[in-house]
Each structure stands twice: as C-alpha cells, then as structure tokens.
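Read the figures in this text as sums done on the coordinates, not as results from a lab. Computed from a predicted structure; not experimentally measured. Here the Cβ is made from the backbone with ideal geometry for all residues, glycine too, and neighbour counts use every protein chain on show.
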Amino acid sequence: MQIVIAASKAHGFEEYDAPILESEELYTRKQGEEITQQLFNFEDKGGRKVSLRPEMTPSLARMVMAQAKTLPLP
C-alpha cells in the first residue's frame, strides 16, 4: 500500500476524507423518493434523515467544487 501512496503523491494526487453518512435529501432530490428503498436510511440523534453513502460521486463532487480554485488542473 505504501508504494501506491508514494506513487500517487509523486504524481500530484492528494488524499481526501469523505463522510460515510449523507443527508437523505441529497439522494432523493434527483432520484425521487423511490431511491430510499434501495438505501440504508435512518434518523440520527438530531432528528436528521441520513443515508449510508452508497457510492462516492456526490461526496467527491462537493469536495472538488469546494476546492476547485485551489486544486491544479490535471
């Protein structure tokens, strides 16, 4: 694994950390309520509806948009 990490850093890649839980609304906004039948959903202690992240695309897209001006283009 250290070889992969070293090679990635040598080519300008950066490590990122994405949440494993996302707001349920993030998925229902574009795909409709029927998507909730395919996700693991629950209400957290704060009463928010959250879903276990099924894939990385929304989390990664938000991270890139938040840092778009500081990240170099490939």
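Dipole orientation for region 17-74: of the candidates Ser59, Ile20, Asn41, Ser59 has the Cα lying most toward the positive pole (charges on Cβ; Lys, Arg +1; Asp, Glu -1).
Taking label points 7 Å from Cα along the Cα-to-Cβ direction, His11 and Arg48 give a separation of 3.5 nm. Could you check which residue among Glu24, Glu14, Glu34 shows the biggest mean-square fluctuation in a GNM of the chain with a 10 Å Cα cutoff? Evaluated over the chain, the most mobile residue of the options is Glu14. In the chain, the longest principal axis of the Cα atoms and the axis of helix 57-67 are about 60 degrees apart. Report summary: the helix-based calculation at 222 nm, which adds -39500 (n - 2.57) for every DSSP H run with n ≥ 4 and divides by the residues of the chain, gives -11000 deg cm²/dmol. Shape call for region 1-43 from the C-alpha gyration tensor, a ≥ b ≥ c root eigenvalues: rounded (a/c under 1.5), prolate (a/b greater than b/c) or oblate? The shape class here is prolate. State the label only: which of [x] 16.0, 44; [y] 13.4, 41; [z] 14.2, 43 corresponds to Rg and Dmax of the Cα atoms in Å computed from the shown model? The calculated read-out lines up with [x].
Dipole size of the chain about its Cα centre, with +1 on Lys/Arg Cβ and -1 on Asp/Glu Cβ: approximately 240 debye, rounded to the nearest 20. Here the extension length gained between Lys69 and Leu21 equals 14.7 nm, from 0.36 nm per residue of separation less the Cα-Cα distance. Residues whose amide H falls under 5 Å from that of Arg53, counting only those 5 or more places apart or on a different chain, are Leu21, Glu22, with hydrogens built in the peptide plane.
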